[in-house]
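Below is one structure, written out as structure tokens; the observations come after it.
The values are calculated or read from the model by the stated rules, or taken from the named source; none is laboratory data. Fair warning: this is a prediction, and the values are worked out from it, not measured in the lab. Because the Cβ atoms are built from the backbone with ideal geometry, glycine has one as well, and the counts that use them run over all protein chains shown. SASA here: full protein model, heavy atoms, side chains in, ligands and nucleic acids out. Shrake-Rupley method; radii C 1.70, N 1.55, O 1.52, S 1.80 Å.
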Amino acid sequence: MKTLCLLGATGSIGQSTLKLVDQHPDLFRITALSAHTQVDALIDLCRRYRPVQACIADPGLFTELRNGLSAAGLNTTPLAGPESLEHMAADSSSNTVIAAIVGAAGVASTLSAARAGKRILLANKESIVLAGQLLMQTVAAHGAQLFPVDSEHNAIFQCLPAGGGRDGVRRLILTASGGPFLGKSRADLATITPEQACRHPKWSMGRKISVDSATLMNKGLEVIEAHHLFGMPAEAIEVVVHPQSIVHSMVDYRDGSVLAQMGEPDMRTAIAYGLSYPDRIDSGVKALDFRNLGHLEFQAPDTLTFPCLSLAYTAIGRGGNAPAVLNAANEVAVMAFLEGRLPFLGIADIVAQTLDTLAWEPAADLAVLMASDAEARRFANHRIH
Ligand code: NAD
Ligand code: MG
């Protein structure tokens, strides 16, 4: 029986995970749940799954959570605040942690799960962008296991040789849907609204990652993620636009073989593989219907219209705190765009300015990276206002 600590239970990945748990009550039991501010939704989930612990990340909502749990007659322990999230991720009531918080807010709990030697299903890509080296080292040092849930990385994980041995790998090929604005020009993008940016043609996701997909920053973050997860240099990670989102990514071997992982665009496939590895379970995702699939297209990304992808390669090249700076500036800019304070094209501008202005530092430890994250947020916010 896998005991699950689900961080970010109220989000898109959180909800997909719960569907899999509902489908396989014999295999998985929820022992810990977290949410950011949606305390009523969290209490409802506690009624359904009866976890040992529940944490609301906003510390001001502790009393509401405690009273709600006791009114519901539950003996779930109420917790609140970012430090409690870290404790919950390390608690022995779970052997598996699903890191599905959005943004750098997820880094401390992901690292805590790694220090506790947990099996980690990593959806929270921002934590590996911010602290990639540190996270990989912590996972190795404490015997934790990291399963990529991001569909592209899950695909690559499935296509790489099981026993390690990367010598035969020539390139990793990350597919990108191209987002809702594929084929548009910069002029077309000037007046984009948050609603348009969040209407993804293929995937249903949270608002932040939807905007990242629209700017192609999501693919940039994923290049950095792949660099750390699979130990490949940036030059050996190629991005190709594939609007149908059927091929989730590929591994190109030196002998000319290319292995691809395919499926319907539904995150339950990747989550199910992480949950059940090395077994395969029913995920509820429908089988691919090749006879009616039609064309699969592939093309180069348009990095002039979508400069965020190039900015991510720049950040890998610089190393040190640069990916943390890129990520923080992007989080601030995306939030400002979603709140109507920044035009769509301003997102890439803010990230570029922040990356070019902040001082470079080596990624010595988490304190340095968090200081860079905070400084980048201050700079980006200042530029926006
Ligand atoms: P979402 O916005 O739907 O959900 C985010 C979750 O994080 C919610 O439960 C929210 O309560 C919690 N949260 C938000 N801010 C928080 C904070 N400051 N402290 C603690 N908790 C906080 O996002 P999502 O689409 O589920 O994405 C989650 C992560 O998974 C992101 O890093 C995203 O990039 C990654 N991811 C998502 C998808 C997808 O299909 N949705 C695919 C690949 C990767
Ligand atoms: Mg992805």
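Here are some residues: 356, 365. Which one is over 27 Å from residue 181 (Cβ atoms) and either in the same structural domain as residue 177 (by TED's automatic domain parsing) or surrounded by fewer than 14 Cβ atoms within 10 Å (Cβ to Cβ) (or both)? So the residue among 356, 365 that is over 27 Å from residue 181 (Cβ atoms) and either in the same structural domain as residue 177 (by TED's automatic domain parsing) or surrounded by fewer than 14 Cβ atoms within 10 Å (Cβ to Cβ) (or both) is 365.
Checking the conditions here, which among 296, 311 is open to solvent by 50 Å² or more (accessible area, probe 1.4 Å), of a type in the set (A, V, I, L, M) and assigned by TED's automatic domain parsing to the domain that holds residue 273?
Just a single option satisfies the conditions, and that option is 296.
The one condition from (1) among the β-branched types (Val, Ile, Thr); (2) without any contact (Cβ under 8 Å) to a residue 40 or more places away in the chain; (3) assigned to a loop (DSSP other than H, G, I, E, B) that residue 192 does not meet is (2). Can you find a residue in the range 155-178 that is at positive phi and within 18 Å of the chain's Cα centre (by Cα)? Yes - at least one qualifying residue is present in the range 155-178.
Looking only at the range 135-169, count how many residues are more than 21 Å from residue 276 (Cα to Cα), touching a residue at least 60 places away in the same chain (Cβ under 8 Å) and of a type in the set (Val, Ile, Thr). Residues flagged as more than 21 Å from residue 276 (Cα to Cα), touching a residue at least 60 places away in the same chain (Cβ under 8 Å) and of a type in the set (Val, Ile, Thr) within the range 135-169 amount to 1. Scanning the range 220-235 for residues that are open to solvent by less than 10 Å² (accessible area, probe 1.4 Å) and in contact with a Leu (Cβ under 7 Å, 6 or more places away or on another chain) yields 220, 222, 223, 226. Consider residue 103 carefully, then state whether it is within 18 Å of the chain's Cα centre (by Cα) and either away from ligand 1 (no atom under 13 Å from the Cβ) or under 22 Å from residue 126 (Cβ atoms) (or both). It is true that residue 103 is within 18 Å of the chain's Cα centre (by Cα) and either away from ligand 1 (no atom under 13 Å from the Cβ) or under 22 Å from residue 126 (Cβ atoms) (or both). Only one of the listed residues (43, 13) is touching a helix residue (DSSP H, G or I) at 6+ places or on another chain (Cβ under 9 Å), hydrophobic (A, V, I, L, M, F, W, C) and either assigned by TED's automatic domain parsing to the domain that holds residue 209 or more than 16 Å from ligand 2 (Cβ to nearest atom) (or both). That residue is 43. Is it the case, given these coordinates, that residue 154 is modelled with pLDDT of 95 or more and farther than 24 Å from residue 320 by Cβ? Yes; evaluated as a whole, the condition is true for this residue. Taking the stated definitions as given, is residue 41 under 30 Å from residue 366 (Cα atoms) and in contact with a strand residue (DSSP E or B) (Cβ under 7 Å, 6 or more places away or on another chain)? No.
Within the range 198-228, the set of residues being β-branched (Val, Ile, Thr) and within 12 Å of ligand 2 (Cβ to nearest atom) comprises 209, 223.
Quick check: anything in the range 248-257 in a strand (DSSP E or B), open to solvent by less than 10 Å² (accessible area, probe 1.4 Å) and of a type in the set (S, T, N, Q)? Yes, because at least one residue in the range 248-257 is in a strand (DSSP E or B), open to solvent by less than 10 Å² (accessible area, probe 1.4 Å) and of a type in the set (S, T, N, Q).
Give just the number: which of (1) within 16 Å of ligand 2 (Cβ to nearest atom); (2) part of a loop (DSSP other than H, G, I, E, B); (3) among the hydroxyl-bearing types (Ser, Thr, Tyr) does residue 269 not satisfy? Every listed condition holds for residue 269 apart from (2).
Looking across 44, 40, one residue alone is farther than 20 Å from residue 99 by Cα, in contact (Cβ under 8 Å) with a residue 24 or more places away in the chain, within 14 Å of ligand 1 (Cβ to nearest atom) and surrounded by fewer than 22 Cβ atoms within 10 Å (Cβ to Cβ). It is 40. Among the candidates 240, 258, the residue that is under 28 Å from residue 328 (Cα atoms) and of a type in the set (Val, Ile, Thr) is uniquely 240. Only a single item in (1) under 23 Å from residue 28 (Cβ atoms); (2) away from ligand 2 (no atom under 16 Å from the Cβ); (3) open to solvent by 40 Å² or more (accessible area, probe 1.4 Å); (4) not charged (D, E, K, R) is not met by residue 102, and it is number (2). Residues in the range 319-326: is at least one more than 21 Å from the chain's Cα centre (by Cα) and open to solvent by 10 Å² or more (accessible area, probe 1.4 Å)? Scanning the range 319-326, I find no residue that is more than 21 Å from the chain's Cα centre (by Cα) and open to solvent by 10 Å² or more (accessible area, probe 1.4 Å), so the answer is no.
Could you look through the range 106-143, keep only residues that are outside any helix (DSSP H, G or I) and near ligand 1 (Cβ under 8 Å from one of its atoms), and pick out the one that is most open to solvent (accessible area, probe 1.4 Å)? Checked the range 106-143; the qualifying residue most open to solvent (accessible area, probe 1.4 Å) is 123.
So in the range 148-204, with the set limited to residues that are within 14 Å of ligand 1 (Cβ to nearest atom) and among the aromatic types (Phe, Trp, Tyr), which one is surrounded by the most Cβ atoms within 10 Å (Cβ to Cβ)? Residue satisfying both the conditions and the ranking: 157.
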